[in-house]
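Okay, so here's the structure we're looking at.
The values are calculated or read from the model by the stated rules, or taken from the named source; none is laboratory data. Quick caveat, the model's predicted, so the values are computed rather than measured. We place every Cβ from the backbone using ideal geometry, glycine too, and count neighbours over all the protein chains shown. These area figures cover heavy atoms from the full protein model, side chains too; ligands, DNA and RNA do not enter into them. Shrake-Rupley method; radii C 1.70, N 1.55, O 1.52, S 1.80 Å.
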Amino acid sequence: MPAPRSAPAPVSATVVEIEQVLSRITYLAGRARQHERLMTVAGLDLDRAAVTILRNIAESEPLRPGVLAVRLSVEASHVTRQLRQLERGGYVVRVVDPDDRRAQRVQLTDLGLAAVQRIREASRRGMALALAGWSDEDLEQLATLFHRLTDDFVAHAEDPLPKVVPTAR
């Protein structure tokens with residue numbers, strides 16, 4: 001007979017509230033309407049996946065497509081399809097990987113770099129508008145806490161999560 005499982009420790013009400021707020025922020029930031037607004041301000045016509053790929057390449061280019069797929073947690077075929085469209089649009093080019101001449105890396109073109117800069121500027125303007133009423137001290141504290149949260153998420157990304165135990169009604 002298997003040993004009884006111990007129930008996971010209860011989650012505090014504050015953690016529940018943080019999870020709910022982060023879910024709402026993620027939803028609001030990822031909405032199609034928000035993306036369309038961002039593209040209008042940036043003067044671009046790119047889908048969300050293309051923007052995500054361009055921003056990731058800009059942060060660490062040149063990059064192998066497979067590495068990009070792993071970083072984005074998507075199938076390599078999705079990245080390949082998006083990269084083909086971005087190549088046709090003149091935003092990226094494939095270059096020989098200096099570490100393995102049989103492989104290729106993807107890098108931004110001047111057009112791609114300009115697009116990323118416009119997207120970042122439009123995004124920052126929207127963020128500044130949303131946070132216009134915040135004090136400098138509150139903004140600094142928020143930035144510090146977001147960095148800490150991100151670091152902790154990365155540090156614990158591979159930790160096993162306790163199973164959810166159904167509660168009796």
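Equivalent ellipsoid of the range 54-148: semi-axes from √(5λ) of the C-alpha gyration tensor, largest first, are 33, 16, 12 Å.
Using the Karplus relation 6.51 cos²θ - 1.76 cosθ + 1.60 with θ = phi - 60°, the per-residue 3J(HN,Hα) values for the range 78-87 come to 5, 5, 4, 4, 5, 5, 4, 5, 5, 5 Hz, with x marking Gly and Pro. A protection proxy built from the mean count of other Cβ atoms within 10 Å ranks the segments 125-133, 156-164, most packed first, as 125-133, 156-164. Going by amide H atoms built from the backbone, whose H comes under 5 Å of the H on A103, apart from near neighbours? It is D97, by chain and number.
Can you send over the carbon and sulfur percentage of the accessible area for the chain, probe radius 1.4 Å, protein chains only?
On the way: 7230 of 13020 Å².
Carbon and sulfur: 56 percent of the exposed surface of the chain.
Taking every Cα-Cα distance in the chain and sorting them into 5 Å bins starting at zero, the pair-distance distribution P(r) comes out as 1, 7, 11, 15, 15, 14, 12, 10, 7, 4, 3, 1, 0 percent. Each principal axis of the Cα cloud of the range 84-130 was evaluated for its coordinate range; sorted largest first, these ranges are 47, 22, 15 Å.
For the range 95-101, putting each phi into the Karplus relation 6.51 cos²θ - 1.76 cosθ + 1.60 with θ = phi - 60° gives couplings of 10, 5, 6, x, 7, 7, 4 Hz, in residue order, rounded to whole numbers and with x for Gly and Pro. Calculated accessible area for the chain comes out at 77 Å² per residue, all protein chains present (probe 1.4 Å; ligands, DNA, RNA ignored).
Taken over the alpha carbons of the range 1-97 as equal point scatterers, the Debye sum produces base-10 log I(q)/I(0) values at 0.16 Å⁻¹ of -0.81. With only the Cα atoms considered, the range 40-90 has a convex hull volume of 80 Å³ per residue. Residues of the range 25-55 falling in the label zone of W134, defined by backbone nitrogen less than 20 Å from a point 7 Å along Cα to beta-carbon, are 25-31, 34-35, 38.
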